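The values are calculated or read from the model by the stated rules, or taken from the named source; none is laboratory data. All of these numbers come straight from a predicted model, not from anything done at the bench. Don't worry about glycine lacking a Cβ; one is built from the backbone with ideal geometry, like all the others, and counts go over all protein chains shown.
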Amino acid sequence: MKVRSISKVALCLCLLGPAVHAQTTKGSFLLGGSLSFQSGKSKYNYSSSTFNSESKSTTFSIRPSISYFVIDQLAVGVVTPYSYTKIKSDGVQSTGSSYTIGPVVRYYFPLGDQWAVFPEVAYSYGWLWTKTPNFVPATGDYESLKINGHTSIFQGGVGLVYFLNPSIGIEGKVYYQNRTDSEERGERTGVVPTGIDQSSFNFSVGLQVYFARNAK
């Protein structure tokens, strides 16, 4: 009786293994997202080169996405990141948020029955809203200034996913990010940054739900 029970458990594990990776086959969908904290250095390009400077930034990001497996293991989709950023420079603090949308591509390399490694590349473009101190040379003081603009984000990295079951995967990812912000043109007073370029290495954790193609 004991031997028979062990045999049944072994059979279930054997059947589960192939099913775990079945959701990464052509025709399946991937829906989920990730969270990350990022830190890095920012380089400001001001309208007057006299005031060029560097600062430190911290960003919290939420990154929803949906993808479709065009072939086995290869998923192509859309990512819609939202981020909140805090920047400190010489004791002065700026805050901002952004929302972008763009393509994302990842490819899975299975490692055994419940693990897989995936390289991923994504690019998104969208809008930003910033509240920043504006230095006015005439008075020597800072004034609060709200700036709207656009931002573009490139990400490239490698992740590891653990499949809890055939439908749910928990993942971690290490990635490089380059983000470029630019303000909308318009009349400004004082000295205002015309662009920000940020590069950083980050780590994110996420949860993905896999919708496997129905077998016919």
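What to note about this one:
- Some residue of the range 102-113 being modelled with pLDDT under 95 and basic (K, R): no
- Residue check, L128 part of a strand (DSSP E or B), in contact with a strand residue (DSSP E or B) (Cβ under 8 Å, 6 or more places away or on another chain) and under 21 Å from T100 (Cβ atoms): yes
- Subset of the range 136-161 that is surrounded by 14 or more Cβ atoms within 10 Å (Cβ to Cβ) and hydroxyl-bearing (S, T, Y) - its residue that is nearest to Q73 (Cα to Cα): S152
- Pick from the range 73-98, criterion outside any strand (DSSP E or B) and at pLDDT 95 or above, ranking: nearest to the chain's Cα centre (by Cα): P81
- Residue in the range 148-170 that is at positive phi and either of a type in the set (S, T, Y) or out of contact with any strand residue (DSSP E or B) (no Cβ under 8 Å at 6 or more places or on another chain) (or both) present: no
- Note on the range 179-216: residues that are modelled with pLDDT of 80 or more and among the small types (G, A, S) total 6.
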